[in-house]
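Chemist: One structure coming up, written as structure tokens, with questions to follow.
Throughout, read-outs are computed from the coordinates displayed, never taken from laboratory work. What you are looking at is a predicted structure, and each value in this text was computed from that prediction instead of being measured. Every residue, glycine among them, receives a Cβ derived from its backbone with ideal geometry; neighbour counts consider all protein chains shown.
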């Protein structure tokens with residue numbers, strides 16, 4: 001029986017440098033659980049694509065620190081790649097050939113049934129354009145064809161580098177739905193990178209945040225949401241803001257903006273304590289709102305050298 | 001073996017609609033066609049003496065046109081175009097994450113290249129033969145229909161088949177060099193530029209009667225002009241050198257492709 005918490009991707013202190021002076025990746029310890037949708041987030045140039053390239057053996061890993069499906073990549077290349085579908089940066093497509101031919105090339109090497117080609121074309125809504133040369137495709141169509149190629153062999157692991165790049169809002173929603181469906185129906189583990197949290201926030205179960213070659217955060221999306229509550233600002237309005245400022249100013253960092261007091265909270269318990277302190281001091285609370293704490297803000301905070309322990 | 005055959009078929013599919021296939025067909029027709037035009041234009045100069053087999057002289061002059069500058073450049077261009085398909089489409093990274101070994105990818109690419117070169121030779125021979133037959137249909141004095149293309153039927157040493165084999169061996173050295181360069185260099189023009197420079201150096205050495213020309217892989221096809229087979233050995237020195245160059249570069253490029261090259 002397969003272990004539910006089996007790690008599909010695991011790296012141990014993964015490091016990478018193009019030359020000995022500058023490390024591009026430092027101590028990356030990725031843990032991607034089986035069946036998860038892992039969002040790998042980071043601003044442009046953070047090291048996402050480099051990490052993916054190392055994971056897939058497209059960049060060297062002298063320390064042999066990558067394990068996929070519990071196997072070392074170097075010694076089990078063929079076996080591992082049979083189980084992986086990938087889309088790295090812009091799709092790799094032969095533009096002088098049709099969409100169908102592009103799929104058929106990968107199909108032949110992966111020894112997949114010919115019936116699968118129309119199925120994946122339908123899945124990414126490219127059936128009508130299958131016979132057209134890829135050079136006539138729009139960026140979004142190319143992206144979808146790249147995804148179809150990755151899905152062709154019904155892989156156990158999908159590694160997608162910025163899969164919604166170049167797609168219009170409808171296209172983004174469609175791809176999100178498609179990935180969620182594949183994950184739920186086939187149990188496919190999905191590792192996808194993005195530089196925008198909002199693009200993938202709705203579908204991921206786990207998140208890894210990378211910046212300047214270092215993994216700043218790794219955990220489930222719910223853990224990240226909890227973390228967000230610890231680092232938030234509470235906006236309150238009372239019947240006596242001056243007294244409230246005196247009461248709270250001793251314990252918290254408080255600023256006054258118009259009719260509101262803005263208090264920096266370190267934890268969820270802080271919020272309860274603040275309300276409690278005000279009530280005990282007979283101050284009526286008209287409003288208490290958490291502000292500036294969406295995940296995007298947190299992500300931006302982290303990647304602006306806001307290191308979260 | 002099965003995977004190698006699949007990979008070879010896939011390589012054929014990749015060149016569909018590409019210029020590489022047209023280059024083989026048009027390249028094979030180029031010299032026979034212009035040679036034919038030249039003969040038609042100056043037909044009196046080309047009429048054979050009575051009783052002389054016209055095929056020998058026809059093939060000698062025709063293949064001189066092929067081997068002088070044209071063949072090395074065509075081979076360089078063909079290899080560059082063939083491997084540029086992967087660079088242009090940004091597909092090395094896709095190929096290298098497919099469940100197929102790099103060894104099989106390397107060999108299937110080499111096999112497709114050799115298939116295209118053999119296709120080029122076959123087509124060129126057909127075009128030359130057709131040209132001779134057309135000339136005799138136009139003017140029977142050319143005697144192409146009376147005599148057989150004796151290069152086919154003489155001894156192994158002078159047979160047209162043997163000549164073609166030697167011509168193929170003469171391009172092996174530069175083929176291996178440019179196969180390596182073509183997967184390493186993304187820039188198509190740099191690749192072709194190196195080939196062009198090699199061919200120019202070869203012609204300069206040829207004109208200057210340099211003895212060391214036999215060591216230059218780019219010059220081997222040139223040395224097939226007015227080729228006289230070695231009386232004692234099947235392969236002349238420059239052909240052996242081309243073969244040695246091929247073997248060494250082939251092994252080095254294989255090691256590079258399978259162990260270092262990441263696409």
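Chemist: Starting from the Cα-Cα distance between residue A:286 and residue A:64, subtract it from 0.36 nm times their residue separation and give me the gain in nm to one decimal.
Modeler: Values: separation 222, 0.36 × 222 = 79.92 nm, distance 5.89 nm.
Here the segment from residue A:286 to residue A:64 would lengthen by 74.0 nm.
Chemist: Show that you can apply the helix-only estimate: for chain B, add -39,500 (n - 2.57) for every DSSP H stretch of four or more residues, divide by all residues, and state [θ] at 222 nm to the nearest 500. Before the final figure, lay out the partial values.
Modeler: Numbers: 10 runs with 179 residues, N = 263.
Mean residue ellipticity at 222 nm (helix-derived): -23000 deg cm²/dmol.
Chemist: While we're on this one: Rounded, prolate or oblate, given the Cα gyration tensor of region B:10-155, with a/c below 1.5 counting as rounded?
Modeler: In terms of gyration-tensor shape, prolate.
Chemist: One-quarter of the Cα convex hull surface for region A:185-294, in nm²?
Modeler: Details: hull surface 38.3 nm².
Computing the convex hull of the Cα atoms and averaging its projections yields 9.6 nm².
Chemist: Among B:49, B:94, A:96, B:67, what is the fewest-to-most ranking by other Cβ atoms within 10 Å?
Modeler: B:49, A:96, B:67, B:94
Chemist: Please state the relative contact order of region A:7-219 as a whole percent: Cα pairs under 8 Å, 6+ residues apart?
Modeler: Working: 405 pairs, mean separation 67.0, N = 213.
Taking the mean separation of contacting Cα pairs over the length of region A:7-219, I get 31 percent.
Chemist: Can you report the principal axis dimensions of region A:78-145 using only the alpha carbons, biggest first, rounded to whole angstrom?
Modeler: Cα extents, longest axis first: 35, 27, 21 Å.
Chemist: Turning to a different aspect of this structure: Measure nothing but the geometry: give the 0 to 90° angle between the long axis through the Cα atoms of B:2-14 and the longest principal axis through the Cα atoms of chain B, rounded to 10°.
Modeler: Tilt relative to chain B: about 70 degrees.
Chemist: What is the fewest-to-most order of B:162, A:65 by other Cβ atoms lying within 10 Å of their Cβ?
Modeler: On the way: B:162 17, A:65 20.
Ascending Cβ contact count within 10 Å gives the list B:162, A:65.
Chemist: Here is a follow-up. Label residue B:126 and residue B:45 with points 7 Å out from Cα along Cα→Cβ: what is the distance between them in nm?
Modeler: 3.1
Chemist: Mind checking which of A:236, A:84, A:109 has the largest fluctuation in a GNM of chain A, springs on alpha carbons under 10 Å?
Modeler: Ranking A:236, A:84, A:109 by mean-square fluctuation puts A:109 first.
Chemist: If packing is taken as the average number of other Cβ atoms within 10 Å across a peptide's residues, how do A:251-259, B:131-139 rank, most packed first? Mind showing how you got there, number by number?
Modeler: On the way: A:251-259: 12.4, B:131-139: 16.8.
Ranking, from highest mean packing down: B:131-139, A:251-259.
Chemist: Quote the relative contact order of chain B in percent (integer), defining contacts as alpha-carbon pairs under 8 Å separated by 6+ residues. Could you put the intermediate results ahead of the total?
Modeler: Numbers: 277 pairs, mean separation 76.0, N = 263.
Relative contact order comes out at 29 percent.
Chemist: If I model a spin label at residue B:212 and residue B:119 as a point 7 Å from the Cα along the Cα→Cβ vector, what separation in nanometres do I get?
Modeler: Between residue B:212 and residue B:119, the label points sit 3.9 nm apart.
Chemist: So if we plug the beta-carbon distance of residue A:266 and residue A:13 into 1/(1 + (r/R0)^6) with R0 = 30 Å, what FRET efficiency do we get, rounded to 0.05? Can you show the working numbers first?
Modeler: On the way: r = 31 Å, r/R0 = 1.03.
Calculated transfer efficiency: 0.45.
Chemist: Determine the principal axes of the Cα atoms in region A:232-292, then give the extent along each, sorted from largest to smallest and rounded to whole angstroms.
Modeler: For region A:232-292, the Cα spread along each principal axis is 24, 24, 20 Å.
Chemist: Given 10 Å bins starting at zero, what is the percent of C-alpha pairs of region A:66-222 in each, up to the one with the largest pair distance?
Modeler: 10, 38, 36, 15, 1
Chemist: What order do you get for A:147, B:188 when you list them from fewest to most C-beta neighbours inside 10 Å? Can you show the working numbers first?
Modeler: On the way: A:147 25, B:188 16.
Ordered from fewest to most neighbouring Cβ atoms within 10 Å, A:147, B:188 come out as B:188, A:147.
Chemist: Give the value in nm², to one decimal: projected area of the alpha carbon convex hull of the protein assembly as shown, averaged over all directions. Display every interim value, and only then the final one.
Modeler: Values: hull surface 149.1 nm².
If you wrap the Cα atoms of the protein assembly as shown in a convex hull and average its projections, you get 37.3 nm².
Chemist: Another one. Defining a contact as two alpha carbons under 8 Å apart and six or more residues distant in sequence, what relative contact order in percent does region A:232-292 show? Mind dumping the intermediate values first?
Modeler: Working: 92 pairs, mean separation 32.4, N = 61.
Reported relative contact order: 53 percent.
Chemist: Sticking with this structure for a sec: With equal scatterers on the alpha carbons only and no solvent term, can you work out the Debye log10 of I(q)/I(0) for chain B at 0.12, 0.16 1/Å?
Modeler: For chain B, the Cα-only Debye profile gives -0.77, -1.22.
Chemist: Hey, what's the Cα Rg ratio for chain A versus the globular rule of thumb, 2.2 N^0.38 Å?
Modeler: Values: Rg = 23.8 Å, N = 309, 2.2 N^0.38 = 19.4 Å.
Rg over 2.2 N^0.38 Å, computed on Cα atoms: 1.23.
Chemist: Related question: Pairing the Cα long axis of helix A:221-230 with the longest principal axis of chain A, what angle in degrees results, from 0 to 90 and rounded to the nearest 10?
Modeler: Approximately 20 degrees, to the nearest ten.
Chemist: Let me ask something additional. Report, for chain A, the % of DSSP beta bridges that are antiparallel, rounded to 5.
Modeler: On the way: 33 of 52 bridges.
Of those bridges, close to 65 percent are antiparallel.
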